[in-house]
Ligand code: LLP
């Protein structure tokens, strides 16, 4: 059972994100144990949460970073991530972003197309710099997750199709300013079984064996992120099963001598340490339903509205031993602004504090000001 500092919450303006620093540290310790630095390079996917205090804790633990924009590189550097441990990914890097990343000396560009290679080559030549390149391959693997967060199918915009990889490799090897170091993959997010990862390993083995036979070897393989978390039972499973996730790669990926293996985990590192704390504005009776109307809405946590995600909802302050059934909704003028339907909760009254759990990943960072609302604040303890 999680312990929230409820007395401290009472006087704070809601909604806000609460981060449990001890849980984050315990998660990072578990991650380090399952993936020793000597064996695997883990880059935290900055997109999941850029709260400076969260970033600092992760950077202080020696992890690398996976960034997808100039802004993400800036916050990563500010937090103390080493430039050499930063991978710069993204399907649409702008000219300015490429220039900035080259100037910062970031470790590697994960590149998604030949036109992007051409632009990086042009800028690198102008700056007289040699750039490490990992080509992102679209392996056409079903990740069995929500279709909005599936990325490795051939209809997705991401990566280079296997059939077109030869061309991209040929382009790279012909340019003295580009150093082809690796291949990059990412099949999707919130993947809750290891099967898709095992299939990914098989696919990577096939690809690297084919190229090896032609005398092309890669010094790094980046398998992306995607490890899912338990949204239903955050208290029973506060730390993801990193051990079996990394074992899947140990068992299935044929790592060539001297090859480094990289991971880009976001959600699994930060999701469970964060909760959205919100107050009940009203309990409203409809003809068929009772609504708990919170002061947090889809502007503060968009995942339910965007991906039909469900986060565990907890009344932190009710002392009632009786329950009732409620739809738990926000104040935004959209019907999709709903955190849960037919939630069985202790009898709830105006002023109760609620926690929307497992909100540390893709929560605060995806907040918006729709309806001219203030962005949620945050506390960490
Ligand atoms: N690497 C790449 C290339 C990615 O595109 C992503 C996530 C990651 C790593 C990190 O994946 P993770 O370990 O966090 O699953 N907003 C959505 C998730 C979008 C994920 C985008 N890419 C959500 O709230 O579910």
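FYI, it's all coordinate maths here, none of it is from the lab. Just so it is clear, the structure is predicted and the values come from calculations on it, not from any experiment. No Cβ is skipped: glycine too gets one built from the backbone with ideal geometry, and neighbour counts run over all protein chains shown.
A few remarks follow.
- Choice from 244, 285, 318 with maximal GNM fluctuation in the chain (Cα, 10 Å cutoff): 285
- Annotation: peptides 287-295, 129-137, ranked by per-residue average of other Cβ atoms within 10 Å with the highest first, follow the order 129-137, 287-295.
- Overall form of the stretch 21-269 per C-alpha gyration tensor (a/c, 1.5; a/b vs b/c): oblate
- With Cα atoms, 0 to 90° folded angle of helix 70-79 axis to the chain main axis: 80 degrees
- Calculated [θ] (222 nm, deg cm²/dmol) that DSSP helices of n ≥ 4 give over the chain, each run adding -39,500 (n - 2.57): -8500 deg cm²/dmol
- Computed label-point distance, nm, for sites residue 95 and residue 164 using a 7 Å Cα→Cβ extension: 2.3 nm
- Between the Cα long axis of helix 114-127 and the first principal axis of the chain there is an angle of about 70°, rounded to the nearest 10.
- Take every DSSP beta bridge whose two residues both sit in the chain; close to 40 percent of them are antiparallel.
- Cα centroid separation, the stretch 31-100 to the stretch 237-251 (Å): 21 Å
- Shape category assigned to the stretch 64-167 from the gyration tensor of Cα positions, a/c cut at 1.5: oblate
- Taking one quarter of the surface of the convex hull spanned by the alpha-carbon atoms of the stretch 250-381 gives a direction-averaged projected area of 11.8 nm².
- Working ranking of peptides 10-19, 155-164 by packing, defined as the average number of other Cβ atoms within 10 Å per residue, highest first, is 10-19, 155-164.
- For the pair the stretch 273-310 and the stretch 140-176, the centres of their Cα atoms are 37 angstrom apart.
- Relative contact order, percent, the chain [alpha-carbon distance under 8 Å, six or more residues apart]: 20 percent
- Annotation: the antiparallel percentage among DSSP beta bridges lying fully within the stretch 290-381 is about 75.
- When peptides 105-115, 169-179 are sorted by average Cβ neighbour count within 10 Å, with the highest value leading, the order is 105-115, 169-179.
- Sequence of 298, 366 once ranked by neighbouring C-beta atoms within 10 Å, starting from the fewest: 366, 298
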